[in-house]
Amino acid sequence: MFKKALPLIVVLSAAALVLTACPTAKGPSEILIGINAEMTGDIPKVGEGTKYAAEIAVEEINSAGGLEVGGKKYPVKIIIEDNESTAEGATAAATKLITQDNVLIMIGAQASKQAIPAGQVANDNECPMISPWSTNPRTTLDRPWVFRGCFLDPFQGPVDAKFAMDELGAKKAAVLYDVASDYPKGLAEEFKKAFEAMGGQVVAFETFTTKDKDFSAQLTKIKAAEPDVLFTPQYYDEVPLIVKQARELGITCPILGSDSWGSAELMKLCGDACKGSFFSTHYAAAGAKGKTKEFIDKYNAKYGYVPDDVGALTYDTMYIAFKAIQDCGKLTGDLKTDRKCVCDALAKIKNFEGITGRMTFTEEGDPIKCAVIVKINDAGEFEFYKSACPEGME
Amino acid sequence: MTLAFFFQQLLNAVQLGSIYALIALGYTLVYGVLRLINFAHGDIFMAGAFIGYFVATLLVGVGIGWPWGFILTLLFSMILTALLGVGIERVAYRPLRTAPRLSVVVTALGVGLLLEHIALGAFGASRRNLPPLLPETWMQSVEINIMGEYLSFTWLKVLIIVISLLLMIILQVIVRRTKAGMAMRAISYDKFAVPLMGVPMDRIIAITFILGPSLAAAAGVMYATQYPVIEPYMGLLVGWQAFIAAVVGGIGDIRGAMVGGFILGFVQIFVVALGQFPALSFLSSTYRDLVAYALLLIILVVKPTGIFGVATRQKV
Amino acid sequence: MAQLPRRIREFLGRIPLLAYLLGFLAATGIESILGKTLGLLIGLGGVPAFFGITDSLSRLVLDKGLGGVLLSLPSVFIYFVLALVYDVLIYILPVFIVAGLLSRPVRWFVSTLPEWLTGFIHMVTLFLSLWTWGGLVEYRLLVVMYIGVNIIMTTSLNLINGYMGEFSCGHAGFMAVGAYVSSVLTVWLFTQDDVFGAPVLRAGWSVILFPLILVVGGIAAAIMGLLVAFPSFKTRGDYLAIVTISVNFIIKSAIENIEKIGGPRGFMGMKGVLRTMESVLNVPWLLIWTFIGVLVTLVVIHNFVSSTKGKGVVAIREDEIAAELMSVNTRHTKILAFTISSFFAGIAGGLFAHVLGYINPGTFTIFKSTESLVMVYLGGMGSISGSVLSAGIFTLAMEALRPLEVWKKVLIWLLLILLMMFRREGIMGGKELTDFVSLERLGLRRPVKEVKGYAPAAD
C-alpha cells in the first residue's frame, strides 16, 4: 500500500509546486454582492422585502449588460444569506459572505439586533457594509467600514414629537412600546425626551414585550391618563393590534407612528381602524413620482404588493453600492484593494438621489436625509402630509 | 384605581385568560392520557388559525357571512385541525409509545418546529388576517357608565368568553359523562391496568387528539378575530404560556388547566394595572414579565404540583 | 481478493488515534497550501467551506418552483462529485496515507510516554489541526467556536436532563448570566468604553485574567442555578420544567431592565477586549479558550458522573426515594448538579459573548434553550460523547444547509423526528464512544499486561 501511495505523494507535491506558481486571472469576472437578510425568525417579511428589492435592482443592472466600472461591464451577482433574525445567525452569515464567498460589499443585516454584530464582522474583516434599515447609532459608530441607508432614532424621535405638538396640538402624550426590542425603545425614549423638552407632558409611558398580542392592560391605563396623542413606534404587524384594541377601549385621540409602520400589509391587517393616523417615514408611496413610482410599480407587478419601506431602502442601498463601485473606477481583482476602494468611494458619496430622498453620508457613515410625515387617508393610502429635514437641508 | 378601571382590567384579564385556558386544556388532556407534554400544541394552534383563515376566505368568497360563516369556520377549522392532530399522533407519537418519555417530548418539539417552518415555506412571510366574519358593530366599542367613568367593551370579547366557557362545559361533559371520557380518566390513573380491562387504548388516545387540537383550533380562530395577525410563529409564545398555565393549574387536571389559564391572564394584566397605585409604581409594565414569572415561581414553591395537582405518591 | 477488505480493516483498526490526528493535521496543512489552487483547478471556485456540501447545495434553484429544483439537480450533483474529488484528494488520501505511515512509530512513541503526556499530545495535535483548518477560511473558525460553545451547553444540560432525569428548559438563562457578567467585566477592565470609561488594568493583565473572568461569569451563573436547585427539592418533573422556564424569563426580563448594560439594546465591546489580548500576544485566544473550555467541561462532567456523588445523580434519576434510603443526600446532590450545570452554561455564555462581540437579552430566550434541549436528546441522554457528536453535527448542519433557505429548517426538524423514530434513544443511546472502542485500542491508555489469574475489568 505504501509503495503505491508513494508515487501519488510525489505527484501531488509536484502538482502543488506547479499550481502555486500559476498566476491568477486578472480582474474579477463578476461583481459579488452579499445580502444578509432576516429570511426566517421573528421578521421574515423584512427578509422577503430585502430579497425582492435587491433582485429588482440586480435585474435592472444586468439587463443593461451589467455594471460599468472603468469602461468594462461586469455582471452583478447577489448571494443571499438568512440570518434567522438572531445575532449569532447574522454573525455567521456575515462571516460566510465576507470570508468564504468573498463578496465585494455586504448589504444588511436589517434590524439593529442583527446589524450591530454583522457590522462588527464587516469592520473587523475590512469589508464595506451598508445596513439599509438599522436605526441604532451603534451599528455604524466607530466603524469606518459600516454605513446605513436610513435616518437614526435621535433624528426621527424629535421629528415625531414636534409634529405631535405643532400639528396635532398635543400637550399630553402617551407612549406604548416594546421594551424588549431596541428600535421601538430607542425611538420611544427619544420622543419622550424631545416632547418634554418642548414643554409637553408624557402622561403614560407603557411597555410590553416582543410577541405580546394583548395590550388591553396598558391601553386601559393609557385611556385613564387621557392623552392628546398616542405615540407607538411599533412594527407594522403589531400596529393593527394596538390601534384596534385602543379604539375598542374607547381611546379616540390621534395615533402617531414611526417608519416601521410603512408596509402595505399594515392596511390589509388594520382595515379602517388605522385610517386617519400619522407616521413618520422615508417616502410616501401614494402619489409617488418618477423613479420612486417606477420602482413601486415594478415591485407591485412582480410580487403583487406595494413594497415596504425596507424594500425601498434596500433598493436605494443597492444603487448606492453600485455607485460606489463605479466611483471606484477600476476593479483589480484583489479583494482587499477593491473593498478599500469601494469603502472610500461610499464615504465620498454626496447628494445621492435615491427613491427615498436625497442623501449624503456623514463621517460616521450615517446619511443625512429628510423624513416625511404620512397620513393614512380614507382610501387607506399613505399620503404625503409634511416633510421634516435636518438643519442645513431643504 | 376607580371601579370602572378595575372592571375594565377584569374584563381584559378574563378574555385573555379564557384563550390561555382553551389552549392549556389541550396540553392537559394529552398529558393526562399519555404523560406527554405535547410541545407541538402551540403550533397546532397556529395551524388551526391558518386553516380557519383558508376556510373563512372560501366561505366569504362564496358569500356566506354572519352568522353561518363564523360558525362554519369554527367548526371546519376544528374538524380539520383535529385530523391534523390525529395524524401527528399516528405518524410521529405512536411509534414512540414505548420509548422513554423524553424522546417523545423532543419529537413533539421537532413536530412543532416542523409545522412552523412548513407554514413559513408554504404560505410565505406575509401576515394574514381573517376576512370579516362578524358584523362590524360587534367589533366597535360599547361603553357602560360606572359611577361617572366609562367601561368599554366589544361584543367580540363577550363572544370569545362565552364560546370559551361553552367549549369548556362541553369538554367537561364529555370527560365526566361519556364512556370515552371515563376511559380517559381511568387511563390517567393507571395506564397499565386499564387496557387489560378491555379499554381500547388507541381509540381513546385518538379521541384525546381530537379533543385537544379542536379546542386549540377554536382558540386559534377566536384569537385571530381578536388579534388579527396570523403568522407562522404565532403559536410559539402563546404555546409556552399555555403550557405554563396548564402546569400551574396542575397538569393532567382539567379544572387545573382552566384555572391556570385564568390565573396567568390575571397575573399578566394586573401586574401592569396595579402600577396605577403610587405605592405600587414599581410594578410598571416594564417589569411585567419579571414579576409575573416570579409569582409563578412562588406558586410552584408553595404548591409543588400546581394548584389542583395531587402529589403523586411514589411507590417505594 | 476477498481477504483484502478484512485485511485493510484490520490494518486500519490498528492505527492509533494520534496517527489519524496527525494525518488530519497533514491534510489541513496540504489544504492551506494547495486547497485554493486545487479548488480553482477542478472548478469549485475556491476552498469549499464544509467539504463542498454548502457549495453544491447553493447550486439549487429554489425560487422557480419544483421544476426549478429538479432542473438544477444535475448541476448540484456535478458540483457534489467535484467536491468529492476535492475531499478525497485533500482530506481522505492524506489522512489515511499519513496515518498508515505513522501507525507503527506512533504506537511505539505512545507506549514510551506516560498517559497524561499522551493525552496532552493528542489535544495539542487536535488543536493545531483545527486551527490550520479554520485559519484558512475565517467562517470555519467561527463555526468551530460555535460548535465548542454548543458542546459545553449540551454537555452541561445533559447532566441535568440526561443523568439526573429532570427536565430543565431554561438553560439559556444561565448562559445569559455568564455572558453578561464576563463581558461587563472584561470590557470594564480592558477597554475604552462609553459606559465604563478608560481601561482599569493594563493590557498585559487581560491575557492572564480572561480565563478567570470566564470562571467568575460561570460562578455568577451557578449562583443563579440555585434559583432552580432550591425549588427542585420539592418540585419535580414538569413542574420543575416550569421553574426553569420562569427563571429563563426572569433573567431575560431583568437584563432588559438594567439600562447600564444596554437593556434590550444589548452590550458590546468584547471585540476590543480580544484586540487588547492580541496586542499582548498574537495568538487565536478565543479558539484556545474555547478549546480548553470544552476540554475542562468534558473532563469535569465525566469525572463528576463517575464519582460517588455523581452516581448519586443517576440514583436520583432512577428512584429518588430509594436513593435517599441508600444514603444519597439528595439535596446536596441536586444543588451540586444544578450549580455545576449552570456554571458551565455560564462559561459557554462568556465564550459565546466574546465570539459574537455583541450580546442582547433577546439572544437568550427560551428558543435558545430549546436548541440545547434538542441537541441533548439528539445525542442521547446520559452520554457525553453523544452530546459532543450531536452538538457538532447539529451546528454543522445548520451552517452547511444554509443554501436551502427556509427549507433548511423543515429538513432539519424532519430529520430530527425521523431519527427519534428509528433511533429513539438518540445517536449514542446512553452509551459512550469508549463502549465501542477501547482507550487501549486508540492508544490513549497503555494496554494492561495480563497477569495470570487476573482478567482486567471491562471499562
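Those residues that are among the charged types (D, E, K, R) and buried (at least 21 other Cβ atoms within 10 Å of the Cβ), I need them from region C:29-48; list them, please.
C:GLU31
Answer yes or no as to whether C:LEU433 is hydrophobic (A, V, I, L, M, F, W, C) and either on the phi > 0 side of the Ramachandran plot or at pLDDT 85 or above (or both).
No: the conditions fail for C:LEU433.
Per-residue answers, yes or no, for (1) within 14 Å of another protein chain (Cβ to nearest Cβ); (2) open to solvent by 10 Å² or more (accessible area, probe 1.4 Å); (3) small (Gly, Ala, Ser):
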residue	(1), (2), (3)
B:ALA206	no, yes, yes
B:ILE210	no, yes, no
B:PRO213	no, no, no
B:ALA218	no, no, yes
B:TYR223	yes, yes, no
B:TYR227	yes, no, no
B:ILE230	yes, no, no
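Of everything in region C:282-305, what is open to solvent by less than 70 Å² (accessible area, probe 1.4 Å), more than 18 Å from the chain's Cα centre (by Cα) and farther than 19 Å from C:MET164 by Cβ? Give them in sequence order.
Listed by number, the list holds a single entry, C:VAL283.
Can you tell me which residue among C:PHE367, C:PHE344 is surrounded by 20 or more Cβ atoms within 10 Å (Cβ to Cβ), in the same structural domain as C:THR290 (by TED's automatic domain parsing) and not acidic (Asp, Glu)?
Sole residue among the options that is surrounded by 20 or more Cβ atoms within 10 Å (Cβ to Cβ), in the same structural domain as C:THR290 (by TED's automatic domain parsing) and not acidic (Asp, Glu): C:PHE344.
Do we find that C:LYS271 is closer than 30 Å to C:GLY134 by Cβ, within 13 Å of another protein chain (Cβ to nearest Cβ), part of a helix (DSSP H, G or I) and open to solvent by 10 Å² or more (accessible area, probe 1.4 Å) in this structure? Walk me through it before giving the result.
Values: closer than 30 Å to C:GLY134 by Cβ: yes; within 13 Å of another protein chain (Cβ to nearest Cβ): yes; part of a helix (DSSP H, G or I): yes; open to solvent by 10 Å² or more (accessible area, probe 1.4 Å): yes.
Considered against the rule, which asks whether it is closer than 30 Å to C:GLY134 by Cβ, within 13 Å of another protein chain (Cβ to nearest Cβ), part of a helix (DSSP H, G or I) and open to solvent by 10 Å² or more (accessible area, probe 1.4 Å), C:LYS271 comes out as yes.
Any residue at all in region A:154-169 that's under 28 Å from A:GLY34 (Cα atoms), modelled with pLDDT under 90 and within 19 Å of the chain's Cα centre (by Cα)?
First, the residues of region A:154-169 that are under 28 Å from A:GLY34 (Cα atoms): none.
No, region A:154-169 contains no residue that is under 28 Å from A:GLY34 (Cα atoms), modelled with pLDDT under 90 and within 19 Å of the chain's Cα centre (by Cα).
Determine, yes or no, whether C:TYR358 is among the hydroxyl-bearing types (Ser, Thr, Tyr), under 15 Å from the mean Cα position of the chain (by Cα) and surrounded by 24 or more Cβ atoms within 10 Å (Cβ to Cβ). Please lay out each step first, then the result.
Working: among the hydroxyl-bearing types (Ser, Thr, Tyr): yes; under 15 Å from the mean Cα position of the chain (by Cα): no; surrounded by 24 or more Cβ atoms within 10 Å (Cβ to Cβ): yes.
The answer is no for C:TYR358.
Taking region B:84-101 only, how many residues are open to solvent by less than 20 Å² (accessible area, probe 1.4 Å) and more than 20 Å from the chain's Cα centre (by Cα)?
4
With the requirement that a residue be part of a helix (DSSP H, G or I), open to solvent by less than 60 Å² (accessible area, probe 1.4 Å) and over 15 Å from C:GLY293 (Cβ atoms), what does region C:197-221 give you?
C:ALA203, C:GLY204, C:SER206, C:VAL207, C:LEU209, C:ALA220
For every residue, the table says whether it meets (1) out of contact with any Pro (no Cβ under 7 Å at 6 or more places or on another chain); (2) farther than 22 Å from C:ILE359 by Cβ; (3) among the hydrophobic types (A, V, I, L, M, F, W, C).
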site	(1), (2), (3)
A:GLY157	yes, yes, no
A:ASP160	yes, yes, no
A:GLU167	yes, yes, no
A:ALA174	no, yes, yes
A:GLU189	yes, no, no
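Scan region C:306-329 residue by residue and report those that are open to solvent by 50 Å² or more (accessible area, probe 1.4 Å) and in contact with a Phe, Trp or Tyr (Cβ under 6 Å, 6 or more places away or on another chain).
Across region C:306-329, there are no qualifying residues.
Just the residues that are within 14 Å of another protein chain (Cβ to nearest Cβ) and either of a type outside the set (Asp, Glu) or open to solvent by less than 10 Å² (accessible area, probe 1.4 Å) (or both), please, taken from region A:55-80.
First, the residues of region A:55-80 that are within 14 Å of another protein chain (Cβ to nearest Cβ): A:55-56, A:58-59, A:77-80.
The answer is A:ILE56, A:VAL58, A:LYS77, A:ILE78, A:ILE79, A:ILE80.
Which is within 26 Å of A:ALA37 (Cβ to Cβ) and within 14 Å of chain B (Cβ to nearest Cβ), of A:PRO184, A:PRO144, A:PRO132?
A:PRO184
Hey, can you tell me all the residues within region B:1-28 that are open to solvent by 10 Å² or more (accessible area, probe 1.4 Å) and either closer than 18 Å to B:VAL91 by Cα or part of a helix (DSSP H, G or I) (or both)?
Listed by number, the residues that qualify are B:LEU3, B:PHE5, B:PHE6, B:PHE7, B:LEU10, B:LEU11, B:VAL14, B:LEU16, B:TYR20.
Give the residues of region A:121-141 that are charged (D, E, K, R) and without any contact (Cβ under 8 Å) to a residue 60 or more places away in the chain, sorted by residue number.
A:ASP124, A:ARG138
If I go through region B:285-306 residue by residue, how many of them are in contact (Cβ under 8 Å) with a residue 40 or more places away in the chain, open to solvent by less than 40 Å² (accessible area, probe 1.4 Å) and among the aliphatic types (A, V, I, L, M)?
So the answer is 2.
Looking at region A:331-358, I want the residues that are among the acidic types (Asp, Glu) and have a partner that is surrounded by fewer than 21 Cβ atoms within 10 Å (Cβ to Cβ) with Cβ atoms under 9 Å, at least 6 apart or on another chain. Which pairs are those?
A:ASP338/A:PRO28; A:ASP338/A:LYS330; A:ASP338/A:THR332; A:ASP344/A:ASP327; A:GLU353/A:LYS291
Just one of C:LEU142, C:LEU128, C:LEU185, C:LEU159 is closer than 17 Å to C:ALA222 by Cβ, open to solvent by 10 Å² or more (accessible area, probe 1.4 Å), in contact (Cβ under 8 Å) with a residue 24 or more places away in the chain and not in a loop (DSSP other than H, G, I, E, B); which is it?
None of the others qualify; the one that does is C:LEU185.
Would region C:408-419 turn up any residue that is modelled with pLDDT under 80 and over 16 Å from A:GLY41 (Cβ atoms)?
Among the residues of region C:408-419, not one is modelled with pLDDT under 80 and over 16 Å from A:GLY41 (Cβ atoms), which makes the answer no.
For region C:250-261, name all the residues that are surrounded by fewer than 24 Cβ atoms within 10 Å (Cβ to Cβ) and either in contact (Cβ under 8 Å) with a residue 24 or more places away in the chain or facing chain B (nearest Cβ under 8 Å) (or both). If you could, list the steps in order and put the result at the bottom.
Just the residues of region C:250-261 that are surrounded by fewer than 24 Cβ atoms within 10 Å (Cβ to Cβ), to begin with: C:250, C:253-254, C:257-261.
The answer is C:ILE250, C:SER253, C:ALA254, C:ASN257, C:LYS260, C:ILE261.
Filter region C:402-436 down to the residues that are within 7 Å of another protein chain (Cβ to nearest Cβ) and more than 23 Å from B:LEU102 (Cβ to Cβ), then identify the one that is most open to solvent (accessible area, probe 1.4 Å).
Among those residues, the one meeting the criterion is C:TRP407.
Restricting to helices (runs of 4 or more DSSP H) lying wholly in region A:228-341: which have 1 or more residues that are more than 14 Å from every other protein chain (Cβ to nearest Cβ)?
In region A:228-341, A:290-303, A:309-328 are the helices (runs of 4 or more DSSP H) which contain 1 or more residues that are more than 14 Å from every other protein chain (Cβ to nearest Cβ).
Could you tell me which numbered condition C:TYR239 fails, if it satisfies all but one of (1) at pLDDT below 90; (2) open to solvent by 10 Å² or more (accessible area, probe 1.4 Å); (3) more than 9 Å from every other protein chain (Cβ to nearest Cβ); (4) over 18 Å from C:GLY346 (Cα atoms)?
Against the list (1) at pLDDT below 90; (2) open to solvent by 10 Å² or more (accessible area, probe 1.4 Å); (3) more than 9 Å from every other protein chain (Cβ to nearest Cβ); (4) over 18 Å from C:GLY346 (Cα atoms), C:TYR239 comes up short only on (3).
Of all the residues that make up region A:258-311, how many are open to solvent by 40 Å² or more (accessible area, probe 1.4 Å) and of a type in the set (Val, Ile, Thr)?
Looking only at that region, the number is 1.
Mind checking which residues of region C:441-452 are modelled with pLDDT under 75, outside any loop (DSSP other than H, G, I, E, B) and surrounded by 13 or more Cβ atoms within 10 Å (Cβ to Cβ)?
Scanning region C:441-452 gives a single hit, C:ARG441.
So which residues in region B:127-155 are within 11 Å of chain A (Cβ to nearest Cβ) and among the hydrophobic types (A, V, I, L, M, F, W, C), if there are any at all?
Correct list: B:LEU130, B:TRP138, B:MET139, B:VAL142, B:ILE144, B:LEU151, B:PHE153, B:TRP155.
The values are calculated or read from the model by the stated rules, or taken from the named source; none is laboratory data. All of these numbers come straight from a predicted model, not from anything done at the bench. Ideal geometry is used to build each Cβ from the backbone, glycine not excepted, and the neighbour counts take in all protein chains shown. The accessibility values were calculated without ligands, DNA or RNA, using every heavy atom of the protein model including side chains. Shrake-Rupley method; radii C 1.70, N 1.55, O 1.52, S 1.80 Å.
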